[in-house]
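Note sheet for the following structure.
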Amino acid sequence: MGMKLHKTVVLVGMMGAGKTAVGRELAQCLNVSFRDSDEEIVEAAQMSIAEIFERDGESFFRAREAEVIARLMRGHPGILSVGGGAFLNAGTRALISDLGVSVWIKADLELLWARVRQKSTRPLLRTANPRETLAGLLTAREPYYSKADLAVHTKPGYAIADTARAVLKELSTRPDVLEGYAG
């Protein structure tokens, strides 16, 4: 018997945690669709997230992000990766809780920094000291991420498939979300 997903799995966590890569792997394992709220926003706006931030500001972006996530949550069960700030929105957290299950992909500062320090596409890190900014964001956001239904720690030595397997194992504790996981 194959695995069957009953609710959308929403991957939350910091930029650089691996939500998109792990999400794609999970979707493939479960034979379901993968969606990324950031990619959906970029496609709809026909501009990068950095350009949206620059032109319209973060609050405008966050409002559009919440709308996109609400739309994606109402589709067939699948895997959804959301931007690092999305889970801070109480309405978005409630919607995810009502319609799906949230999984925090938890990574420490050193791993996050190693993954994002060379990327110029992170508008929140366009500061004089981006590592310090990242540390501050992590500290500020962890209380929100800790409200996720499930959490999986990712480590520097983990391959994408290792983290995806850890997520599947956590999801198997929720028969309302996933059935047929044989571990």
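Worth a mention:
- Peptides 5-12, 71-78 ordered by packing proxy, namely the average of other Cβ atoms within 10 Å per residue, highest first: 5-12, 71-78.
- Counted residue by residue at 0.36 nm each, then reduced by the alpha carbon distance between them, the extension gain from Ala90 to Lys4 reaches 28.1 nm.
- If only the Cβ of Lys and Arg carry +1 and only the Cβ of Asp and Glu carry -1, the dipole of the chain around its Cα centre is close to 260 debye.
- Label-reachable residues, segment 3-29, where backbone N falls under 12 Å from a point 7 Å from Glu39's Cα toward its Cβ: 20-28
- The residues packed around Thr154, meaning those with a beta-carbon under 14 Å from its beta-carbon, carry a net charge of +1 if Lys and Arg are +1 and Asp and Glu are -1.
- Distance between the pseudo-spin-label points of Cys29 and Arg126 (7 Å out from Cα toward the beta carbon): 3.6 nm.
- Here the mean projected area of the convex hull built on the C-alpha positions of segment 55-141 is 6.5 nm².
- Multiplying the residue separation of Ser97 and Leu150 by 0.36 nm and removing their Cα-Cα distance gives an extension gain of 18.0 nm.
- Whether segment 104-183 is rounded, prolate or oblate, judged on the alpha carbon gyration tensor where a/c under 1.5 counts as rounded: prolate
- Within-10-Å neighbourhood charge of Thr8 [Cβ basis; K, R +1; D, E -1]: +3
- Segment Ala70-Ala135, extension gain: residue separation times 0.36 nm, minus the distance between their alpha carbons: 20.5 nm
- Net charge, Thr20 excluded, C-beta distance under 13 Å - Lys, Arg +1, Asp, Glu -1: 0
- When the Cα positions of Ile96, Gly83, Ser146 are compared along the charge dipole of the chain, Ser146 comes out farthest toward the positive end, with charges on each C-beta of Lys, Arg, Asp and Glu.
- Descending by average beta-carbon neighbour count within 10 Å, the peptides 124-131, 107-114 line up as 107-114, 124-131, the highest first.
- Simple spin-label estimate for Asp162 and Glu142 in nanometres, 7 Å along Cα-Cβ: 2.2 nm
- Both numbers refer to the Cα atoms of segment 1-130; Rg and Dmax are 14.8, 53 Å.
- Note on segment 1-95: dipole from Cβ charges, positive end direction compared against Leu72, Phe53, Thr20; the farthest Cα belongs to Leu72.
A short reminder: the numbers here are calculations on the coordinates, not readings from a lab. Here the structure is a predicted model, which is why all the values come from computation and not from measurement. Glycine also receives a Cβ, built like all others from the backbone with ideal geometry; neighbour counts cover every protein chain displayed.
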